[in-house]
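The values are calculated or read from the model by the stated rules, or taken from the named source; none is laboratory data. Quantities reported herein were computed from a predicted structural model and do not represent experimental measurements. With ideal geometry, Cβ positions are generated from the backbone for all residues, glycine too; neighbour counts draw on all protein chains shown.
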């Protein structure tokens, strides 16, 4: 793809947007609600096609994809979208009717996608369309499938709205193509911290830039969830959160903190979690990974074994091959997260120590799943929110985010809008 082609695509979208903005905003929103209902229906052709096409493109097993989509999209309905729109911008008439407080979408919005999890692509393409801003999406290298299926689903319900979505694909290191892509009036970018820094350097006001950098999640078990049947249930729930999407998303926990004054509790939890992860292999086998990723898993296993051999209270629970790994740590020191179903179990004696252990990670924390804190749960949630965590949920539900989750701690639609104030004559 050449920069001139990207320029032409943006021009075509701009023209399509002129037609779109002449239609009542509620009509566009009604179509988008139908699109969301289609994606929330497991029988829809787009869900079927995604389940078929995503595994060979990403390496996920089909079983993992189907289970992940079922859990994530179950509540992502048209009604949920309408509810979020109303909460964020009020009536869509604000896009049509002159009034004191008015909003508008940008002429075009460029959406830079990242990762291999399909749900963010769906939301990031739909959000600007709510404001009647046409979308040029760059497919992520690890997921070339989802954006085109989303575009197809929109065109199925409304050809005119479908003309306001286009998908391009070019290497991320193609500076000329990236510069052309980022010439849109509004840019929504997701990626690594390095990618976000590069985008920031290329985009200057008055263009709008929204970014979402690298994020990770963790889980924490309190004293009421580290013994007996409660421990087994909690570890099975954490295993679900880890196994779905092979720990590749920002909502996949990379560590499990065990909050208990009992020094042996974390070891028992680690063994139980290992059993639970082993059981998930029969239902949702981990997908394929490249040699570098497998080497990273093996390297971190070996490093933990060396610490254990040196007399540290570290244990390694691992499958044959690299299908899953649980490392019982003996301190809260930050360590690499190789992903691909690799979890560190970290003991902390009390809740205050948990907050201290998480504080160094506050810049990158997306969500924390909790269980077993009883009456202290609300206070813990408040403390986590103060650390910048944007989602606190029960264990086992990390991979089922509600549509109104404030990802990055902000609204989904309103930051993509331009505002205008109409001042009446005085006197």
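When the residues of segment 351-381 are filtered to those that are touching a helix residue (DSSP H, G or I) at 6+ places or on another chain (Cβ under 7 Å) and closer than 27 Å to residue 190 by Cα, the one that is modelled with the lowest pLDDT is 365. Hey, does segment 400-415 have a residue that's in the same structural domain as residue 72 (by TED's automatic domain parsing), more than 18 Å from the chain's Cα centre (by Cα) and in contact (Cβ under 8 Å) with a residue 12 or more places away in the chain? Yes, some residue in segment 400-415 is in the same structural domain as residue 72 (by TED's automatic domain parsing), more than 18 Å from the chain's Cα centre (by Cα) and in contact (Cβ under 8 Å) with a residue 12 or more places away in the chain. Considering the conditions (1) under 19 Å from residue 396 (Cβ atoms); (2) surrounded by 13 or more Cβ atoms within 10 Å (Cβ to Cβ), residue 357 is excluded by exactly one of them, (1). For segment 203-231, the tally of residues that are in a helix (DSSP H, G or I) and surrounded by fewer than 17 Cβ atoms within 10 Å (Cβ to Cβ) stands at 3. Applying the set (1) surrounded by 23 or more Cβ atoms within 10 Å (Cβ to Cβ); (2) in contact with a strand residue (DSSP E or B) (Cβ under 9 Å, 6 or more places away or on another chain); (3) part of a helix (DSSP H, G or I) to residue 243 leaves exactly one unmet item: (2). Determine whether segment 117-125 contains at least one residue that is part of a loop (DSSP other than H, G, I, E, B) and out of contact with any strand residue (DSSP E or B) (no Cβ under 8 Å at 6 or more places or on another chain). Scanning segment 117-125 turns up no residue that is part of a loop (DSSP other than H, G, I, E, B) and out of contact with any strand residue (DSSP E or B) (no Cβ under 8 Å at 6 or more places or on another chain).
Screening residue 209 against (1) out of contact with any helix residue (DSSP H, G or I) (no Cβ under 6 Å at 6 or more places or on another chain); (2) closer than 19 Å to residue 9 by Cα leaves a single unmet condition, (2). The single residue among 33, 12 that is under 16 Å from residue 159 (Cα atoms) and touching a helix residue (DSSP H, G or I) at 6+ places or on another chain (Cβ under 9 Å) turns out to be 33. Going through (1) closer than 29 Å to residue 395 by Cα; (2) touching a helix residue (DSSP H, G or I) at 6+ places or on another chain (Cβ under 6 Å) one by one, residue 96 falls short only on (1).
Those strands (runs of 3 or more DSSP E) of segment 297-385 in which 3 or more residues are under 28 Å from residue 230 (Cα atoms) and over 26 Å from the mean Cα position of the chain (by Cα) occupy 315-318. For residues that are more than 30 Å from residue 245 (Cα to Cα) and crowded, with 18+ Cβ neighbours inside 10 Å, scanning just segment 71-93, find the one that is modelled with the highest pLDDT. So the residue we want is 89.
Residue check: residue 129 meets all listed conditions (1) under 22 Å from residue 416 (Cα atoms); (2) surrounded by fewer than 22 Cβ atoms within 10 Å (Cβ to Cβ); (3) touching a strand residue (DSSP E or B) at 6+ places or on another chain (Cβ under 8 Å) but one, namely (2). Residue 250 passes every criterion in (1) assigned to a loop (DSSP other than H, G, I, E, B); (2) more than 27 Å from residue 333 (Cβ to Cβ) apart from (2).
Residue pairs whose Cβ atoms lie under 9 Å apart, sitting 6 or more positions apart in sequence or on different chains, and linking a residue in segment 71-86 that is without any contact (Cβ under 8 Å) to a residue 40 or more places away in the chain and in the same structural domain as residue 42 (by TED's automatic domain parsing) to a partner that is part of a helix (DSSP H, G or I) and surrounded by 14 or more Cβ atoms within 10 Å (Cβ to Cβ), are 86/92.
Residue count for segment 249-270 satisfying the condition of being at pLDDT 95 or above, surrounded by 22 or more Cβ atoms within 10 Å (Cβ to Cβ) and either outside the structural domain of residue 352 (by TED's automatic domain parsing) or under 16 Å from the mean Cα position of the chain (by Cα) (or both): 3.
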